[in-house]
1. Of the DSSP beta bridges with both residues in segment 1024-1152, give the percent that are antiparallel, rounding to the nearest 5.
2. Based on the Cβ-Cβ distance from THR141 to GLU406, what FRET efficiency comes out when R0 is 30 Å, to the nearest 0.05?
3. Each residue of segment 1029-1039 in turn: what ³J(HN,Hα) in whole Hz from Karplus with 6.51, -1.76, 1.60 and θ = phi - 60°, glycine and Pro shown as x?
4. Which net charge results when you count Lys and Arg as +1 and Asp and Glu as -1 among the other residues whose beta-carbon is under 14 Å from that of LEU389?
5. If R₀ is 60 angstrom, what is the calculated FRET efficiency for the pair LEU168 and GLU358, using the beta carbon separation as r and rounding to 0.05?
6. Sticking with the crude label model, points 7 Å out along Cα→Cβ, report the distance from GLU155 to ASN1125 in nm, one decimal please.
7. What whole number of Å gives the distance from the Cα centroid of segment 180-206 to the Cα centroid of segment 318-343?
8. In sequence order, what are the phi-derived ³J(HN,Hα) couplings for segment 566-575 according to the Karplus relation 6.51 cos²θ - 1.76 cosθ + 1.60 with θ = phi - 60°, rounded to whole Hz, with x for glycine and proline?
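No lab work stands behind these numbers, since they all come straight from the coordinates. Please read these numbers as outputs of a predicted model, since none were measured by experiment. Cβ placement follows ideal geometry from the backbone for every residue including glycine, while neighbour counts extend to all protein chains displayed.
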Amino acid sequence: MPPIVPKFPSELDRGERVYPIRFSIDRPSSDSLTETQGDFTSSVVGSAPLPCPSTLQSDATTVEPSAPPPSELPPAQSVTTPAEPRDPLISETHEYAVSGNSEHGVLHGRRREFTRCEDEPIHIPGAIQSFGILIAIDFVTRGELQVRIASENCEAFCQYSPADLFRLENFLDIFPDEHKSSFEAKAWYMREQYMRTKLDVEPLVFPISIRNPLGKRKRVRCAIHFCGKDHNLLICEFEAKRYLDPQATESDPDMPNTPVVTLGPQLPPTPLAQSTKVQPLHLHRLAHSLHPDERGTAETVSIMAQIQLILNTCQDFEELLDTVVTVVQQLTRFHRVMIYRFDKAFNGEVVAEAAVPEASGDMYKGLHFPASDIPPQARKLYQINKVRLLFDRDMATARLVCRSAEDLAKPLDLTHSYLRAMSPIHIKYLGNMGVRSTASISLEINNSLWGLICCHSYGPTATHVSFSVREVCHWIGLCVSNCIEKLSYSSRLGARKLLETMQVDKDPQSCIAASSSDILRLFNSNSGFMVIQGEARTIGKHNSYLEAILVLRYVHMRAYTTVVATQNITEDHPSFPQPKALKTIAGFLFIPLSGDSDYMLFLRNHQIEEVHWAGNPHAKEQVGNGNAVLEPRGSFQKWTEVVMGACKPWKLDEYQEYATTVKLVYGKFIEVWRANERSIINSKMKRILLLNASHEARTPLNAIINHLEVALENPLDNDTRELLLKSHSASQSLVYIIDDLLNLTRSHDGSFPLLEVGFDIRSALAEALKPLAHHANKKNLDFASHVHPDFPQFVRGDFQRFQQAVVHVVSNAIRCTNSGEVKIEATLVNHNENHYLLEINVRDTGPGIGEDHLDELFQELEQIPSEDSEIARLGNAGRVSRASTPGAKPTVGLGLATVARFIRLRNGLLKMKSTKKEGTIVSLLLPFPRSSEAFHPFQLPTPPEMRSTQSIAQSTPGQPSVGKDSASNHKVGFFDIPIRKPATRGSPPKTPCSSETPAEMHREPMMIIVADDNTINLQILQRRLERMGHEVEMSCGGQQCYDMFIENSTNFHFILMDLDMPLVDGYVATEMIREFERENPQLLSKSAQLHGRTPIFAVSASLKPSHLPKILASGFDGWIIKPVNFKTLGVYLLGAFSVEARKTAAYDPNHFLAGGWLS
């Protein structure tokens, strides 16, 4: 059966935190989720919207433009009366009719009424702008072309009416002889290219001449493209030379009589020279040199080269965009040129502007326009028509005339036609703005519409842009798009360098943790998570821990596989479980790292922002006789709204590359790290086997050595003594071998892996809590524990580290509680055939911890390294993590750090719930494998006389204690030997009197305190010291040692103090004893009074020369290394009475491990 791993809580209450943040790696697939696909679509990374979607929502559902169904067309009819007058701005599909003389004619039908811009089929308007003509021809055979559709203004343009064109046997007849083959070859090429690929291509533009019925030539520019699908027609658009002459653009467009103002009162208009950061470029002379014939190509290339050189020198976005509007304004001579950038929701913002103040007093820079102003089908056409021109909004449109009713059945698709008539709604929209002529240049990045370069003129006459200038504008759009990408990439180079500096020799979590501030700055986020193999590590500091966990859980369950972002979680993700709970966090960015459920999640907080609009984006004016008819906005006065509920937008051009780089860098070292992990796991398994074997052998071997030493102290014959000496020597050699094995099990930094040995967990719990109960009683706290009946007795695990974790948590509760109670409860949460899931619950009535401090505490826990030696670097050795005074800021010390590491290594959970002024509940959820009995060497049986029958204090009668059920029915062990009964506590050994000399004193027995939290060490020291004739008092902690000393200080001659003890360690206990001696010198024993204080020796297995300053500062008199050599210890004990003995056994820096007396 698999281990029972505790699950992360489905919900966290206020004041509740859990460590570590761990989820199941087997996440549900996105196909199994019930959330609609629309949720994903709305979350795909793109240019993020500035305003809140909830306040700016407009119906922007993408609707593919389609032709109206045949049922919407009026029935065909034959009429002889002329067509009724029409509004020249209204153009759509029209009804075909034949006049009485059998000539072709046209009757307009009723224009459909729309209530949404999205519903208007703008690609099939049925009309064109009348500054050119459109003719659609069919290929009858190679070299024979037949006219199927013609615009009604053909006769005014070339003296051929639509009927004349329909009667032509071959459309090539309108061209001079020398141009026929050229046109036919280009037409056939466009047809064949479409037939091969079935893909629409941009029109082919070339100069050519046409011939009227009288033979007179007319020089024109022709643009041809093939319209396939339902038509299979070649669409030809012709534009007259009079619009192409360079002289037509040599002067500025006419100025209006007064500057046009539509935005309402603003600041005084800024002169053009000051509206951008660049100086006038004088490009109009180059533009005027563009000639409409073939020779214009060289001029086009020349001017583009100069413009590209100018744009490439720009160092940032602002300089680039300001330069672009100046270049386009000088090139096209429009009164106003703006750059209009789309956000994620396709709302637009004017980010750069160049304007002539004499033409308009409005300044649009910084204003926003709603997405409904440019509906989806219009944005789609902007991606196809890179340059779009409206010559004159007052010019009547020219309708299309069909050869037969069959041609009328399916409206002609003018998607690729540059003469395509504009929507009447858009023309009225421009009229409300006071604009007469417009041009637009599309800016596209990564196949998405990034923005538009918009040009406006306001004069009484139209502003026309020649084919050559339009060609330059087309290339400007491409160049500007490339420059935007280039600047975006250059800004990402620093990010790439930052990410590439991550060290491969560390695990991914350490890399991210070490660079958290840089990572957050890179993604401009408030905080985040990195999830590796189901465990989350915090990046930065969460402003709201509970909200962050809520979002993390949602994202984890969504099981995204691609980069996903949202500016407003509650709007974009309707399936989010608790939308009202998000008071701080508004959006997220999800970056998958691998196919193994590893990912990064960045969070952004709500922001309150003022958005300035050109008119109220929510107000739509609809007028009509009974039926609501869509009309454009009539007001563009500045309108400001406060946007809430959304975060700063995630921008595709900035973060998509960062996300890709993060994934690449992650992939670069994750393979190395995981290979390393596999090697480490294999090595760790071997280390654990060695560690288990070494520990299991070390304790009985120490007992054997001590028993041999006891035997050697008795009268023996020579042969027996020699045999025992050889046994003792061999045993000592075996100790050194075991020490070498233990050293092999250490990691590179000196720490040991967890043991997996069977032990009695009830007994271990009771043993850990016994000394803590004494300390709680000293503080007059109600200390109680309860072990549930179904709580198991034997489990497999690390006995010492389990005790260590329990002691740290309980001692922390005692330390932080000044009045009230500390209660411990041990329960069985779950179990199967092979495993248990246990919970140790510790409740106190201390001051509690605030929400902010809880967040800081648990986010610090996530940064805890995974090795003991690294934890030790945190300092605060032996200190707890919480302060007992209200308002004090809790920090992670050694205790809580050790608990956190143990929890992680056991795949458990540490839960904490705290309320200010009420108290704290800490729960340890720990999975353990089952065991049939205890095998741990530290739980070997003790002699009956050493067993304590005292149980832990209970707060209420009848409540079971931890120690009550801890059975010790073990077989006779290594210490089952008779020992001499020491003097009782009431009759201490004779204290040397003042008349005795030091030489006489040292022959008398002494009273010694031994302080150690390890029971086995206490037992060994007690037996050996008692064999030497001394009385021993045993203490399990520093506080208990101090209490023993002050109660009977006149009788104690020596103290052996372990350094690493919970709650109060050896250093602190020694400082407390020295303070008591300074205040009460008369209460010391006679031997202590001779030297001014009671000798205290540090006893430790891990002392280093670097520890000397701290040992001296704490007040120790010397030290001895574990395992204790009792012959050496006997020499050190003589120093309690003799100065000469101290000199003889003084510390030698050249032999540090020998220990000794300090001077």
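1. Details: 0 of 8 bridges.
Given both bridge residues lie in segment 1024-1152, the antiparallel proportion sits at roughly 0 percent.
2. Numbers: r = 20 Å, r/R0 = 0.66.
Efficiency, rounded to the nearest 0.05: 0.90.
3. x, 9, 9, 10, 10, 9, 10, 8, x, x, 5
4. Working: positive: ARG221, ARG333, LYS386, ARG388, ARG393, ARG420, ARG436, ARG470; negative: GLU237, GLU239, ASP392, GLU471.
It works out to a net charge of +4.
5. E(calc), rounded to 0.05, equals 0.75.
6. Using points 7 Å along Cα→Cβ, the separation is 12.6 nm.
7. 34 Å
8. Values per residue, Gly and Pro as x: 8, 8, 9, 4, 5, 7, 7, 10, x, 8 Hz.
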